[in-house]
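The values are calculated or read from the model by the stated rules, or taken from the named source; none is laboratory data. Computed from a predicted model, the values in this text were never measured in an experiment. Cβ atoms come from the backbone with ideal geometry, glycine included; neighbour counts cover every protein chain shown.
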Amino acid sequence: MRGELGDYAKGLRGNVRVLANTVAIAELLPHALASFLSAHPNIDVELEDRPSREIVRSIAEGRGDIGIVYLKVPFVSFPRLPAHELTRRTSSE
């Protein structure tokens, strides 16, 4: 355990909280996450299934790092990346 904590402290390990709706989890994320985790084995991903409106609120409150939502949900002023860009980027890494 001490070794793992040391890796986090040195920045060699990381944790990302991803909030996504059911459709994203079922259709978009399996391939994208598999590619990402293969390329970045020292990053742990916590994936939570939530409704799109709740995802936006949770990200704004700092309860998640990345949110994947249905486009029609009103956003605050978050940087956005279309889903096809996410899959293209992860498959080319």
- Selection from segment 15-38 of residues that are assigned to a strand (DSSP E or B) and closer than 17 Å to Glu54 by Cβ: Arg17, Val18, Leu19, Ala20
- Note on the structure: Ala32 meets each of (1) within 25 Å of Val69 (Cα to Cα); (2) modelled with pLDDT of 90 or more with one exception, condition (2)
- Message: Can you confirm whether Glu54 is surrounded by 11 or more Cβ atoms within 10 Å (Cβ to Cβ), acidic (Asp, Glu), part of a helix (DSSP H, G or I) and modelled with pLDDT of 90 or more?
- Response: yes
